[in-house]
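**Q** Okay, handing you the structure first.
The values are calculated or read from the model by the stated rules, or taken from the named source; none is laboratory data. Quick caveat: nothing in here was measured; it's all calculated off a predicted structure. Counting neighbours? That spans all protein chains shown, and the Cβs are built from the backbone with ideal geometry, glycine included.
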């Protein structure tokens, strides 16, 4: 049994792991590399394996950094089965088609060649096979089970039983006590754990204070007469923010101002969320049961077309704008940043992870001048970060998840994290749990 790391190895994006067992070769995830550019050039690099000999792909969830190179895989000869949770399949189509629009824009403006087009997505979607949570799926002599990771709708950590050994790929592990989705399922039996480390040296602020911090940012910005800009990932983060806004408005805890969801992908994702209420936590199910639609409340305007998006400019402040992309490396948020980032009355509220090289990371690091669409913009708006709205579990969540496993792993391979995050988590696991930890680099192959 061989395990090779071909993405998210000592970095945060591009998840892709190759397993070789007997004559079977299969991938866990096949994601896009993302950083300063929406579509980094190395996404066009030749795969370090032949796509034609891959039999199966297992997808943990629908974020682009876990599915974005499926199209390339298919274009280069893959014609096997892609296993995923039903909600993941529905969201994957939305994510891939939305990415086309962003890449077309970049192609027109910067001369970049899109990584894929509509027909490539169509081919990928035909290969998906739905597997529900906790359902056993046999792949030759391999036993596959998806467990709820509590990260986004349909997200899974993947259990594989091969020759009596238990392998678990975490995908992305969800934050604790977030709205809508259920809590991460406990780990069962595991011999080898391939685990993310996005927030390996961070502990988020108390989840019980989350909504109060959000409320405070809203009220302070509205009192100044400014614009609250929230760059949000279209899957889960945006839905959580709408859930919280619905709560704040229902309880008269914030002033009534126009609220704009300026993200077609998030709007389409809401339709998928409404299709799978069985995946919601008990609180969300209760609200639905009493007729409270937390995706539709007074003051909320969901924009779709470009003209609707531009019309937001005509609405005077104060107002709230939620727009993608979450790392500010593309999407409609850039237009709002260009307009309001230099306004000292306004606030940029960062609620998600910002990779190195992205505009979001530069703003968090304190850059006072940034370039947006070739224009130099002075940063006078308040920059505020709320880590408790992260969709990723923090250090304590990851440590607890491992510690409370039915059987602790013999070895952990840390992936999907910057070096400082990964190394801190490695030290904590080895010190606190006495488990051997490796941090494989790109191209590392291990015999298990």
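**Q** Any idea which of 425, 414, 398, 338 is crowded, with 19+ Cβ neighbours inside 10 Å and either assigned by TED's automatic domain parsing to the domain that holds residue 241 or in a strand (DSSP E or B) (or both)? I'd like the intermediate steps shown before the answer.
**A** Details: 425 fails: either assigned by TED's automatic domain parsing to the domain that holds residue 241 or in a strand (DSSP E or B) (or both); 398 fails: either assigned by TED's automatic domain parsing to the domain that holds residue 241 or in a strand (DSSP E or B) (or both); 338 fails: crowded, with 19+ Cβ neighbours inside 10 Å.
Within the list 425, 414, 398, 338, the selection yields 414.
**Q** In region 316-332, which residues are at pLDDT 95 or above and either touching a strand residue (DSSP E or B) at 6+ places or on another chain (Cβ under 8 Å) or buried (at least 23 other Cβ atoms within 10 Å of the Cβ) (or both)?
**A** 317, 318, 319, 320, 321, 322, 323 - these are the residues of region 316-332 that are at pLDDT 95 or above and either touching a strand residue (DSSP E or B) at 6+ places or on another chain (Cβ under 8 Å) or buried (at least 23 other Cβ atoms within 10 Å of the Cβ) (or both).
One line per residue, one yes/no per condition, for (1) free of Cβ contacts under 8 Å to residues at least 24 places away in the same chain; (2) over 27 Å from residue 392 (Cβ atoms); (3) surrounded by fewer than 20 Cβ atoms within 10 Å (Cβ to Cβ):
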site: 115; (1), (2), (3): no, no, no
site: 122; (1), (2), (3): yes, yes, yes
site: 129; (1), (2), (3): no, yes, yes
site: 135; (1), (2), (3): yes, no, yes
site: 159; (1), (2), (3): no, no, no
site: 168; (1), (2), (3): no, no, no
site: 182; (1), (2), (3): no, no, yes
site: 185; (1), (2), (3): no, no, yes
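**Q** Being in contact (Cβ under 8 Å) with a residue 60 or more places away in the chain and not in a strand (DSSP E or B) is the filter; apply it to region 401-411 and report the residue that is nearest to residue 446 (Cα to Cα). Reasoning before the result, please.
**A** First, pick out the residues of region 401-411 that are in contact (Cβ under 8 Å) with a residue 60 or more places away in the chain: 401-402, 404-411.
Then drop every residue that is not not in a strand (DSSP E or B), which leaves 401-402, 404-406, 408-410.
Numbers: 401: 24, 402: 22, 404: 26, 405: 23, 406: 25, 408: 20, 409: 16, 410: 14 Å.
Once the filter is applied, the top-ranked residue is 410.
**Q** With respect to residue 150, is the statement that it is within 17 Å of residue 57 (Cα to Cα), touching a residue at least 24 places away in the same chain (Cβ under 8 Å), surrounded by 15 or more Cβ atoms within 10 Å (Cβ to Cβ) and not assigned by TED's automatic domain parsing to the domain that holds residue 283 true?
**A** no
**Q** Given 211, 254, 249, which one is in contact (Cβ under 8 Å) with a residue 24 or more places away in the chain, more than 29 Å from residue 419 (Cα to Cα), touching a helix residue (DSSP H, G or I) at 6+ places or on another chain (Cβ under 9 Å) and in a helix (DSSP H, G or I)? Quick ask: steps written out before the conclusion?
**A** Numbers: 254 fails: in a helix (DSSP H, G or I); 249 fails: touching a helix residue (DSSP H, G or I) at 6+ places or on another chain (Cβ under 9 Å).
Residue meeting the stated conditions: 211.
**Q** Would you check if residue 370 is buried (at least 16 other Cβ atoms within 10 Å of the Cβ), in the same structural domain as residue 323 (by TED's automatic domain parsing) and more than 23 Å from the chain's Cα centre (by Cα)?
**A** So residue 370 fits the description; yes.
**Q** Among (1) without any contact (Cβ under 8 Å) to a residue 40 or more places away in the chain; (2) part of a strand (DSSP E or B), there is one condition residue 33 misses while meeting the rest; what is its number?
**A** Here residue 33 meets the rest and fails (2).
**Q** Would it be correct to say that residue 98 is touching a helix residue (DSSP H, G or I) at 6+ places or on another chain (Cβ under 9 Å), modelled with pLDDT under 95, surrounded by fewer than 23 Cβ atoms within 10 Å (Cβ to Cβ) and more than 14 Å from residue 15 (Cβ to Cβ)?
**A** So residue 98 fits the description; yes.
**Q** Does region 370-395 hold any residues that are in a helix (DSSP H, G or I) and in contact with a helix residue (DSSP H, G or I) (Cβ under 7 Å, 6 or more places away or on another chain), and which are they?
**A** 388, 389, 395 - these are the residues of region 370-395 that are in a helix (DSSP H, G or I) and in contact with a helix residue (DSSP H, G or I) (Cβ under 7 Å, 6 or more places away or on another chain).
**Q** Which one of the conditions (1) touching a residue at least 24 places away in the same chain (Cβ under 8 Å); (2) part of a helix (DSSP H, G or I); (3) touching a helix residue (DSSP H, G or I) at 6+ places or on another chain (Cβ under 8 Å) does residue 222 fail to meet, given that it meets all the rest?
**A** Result: residue 222 fails condition (3) only.
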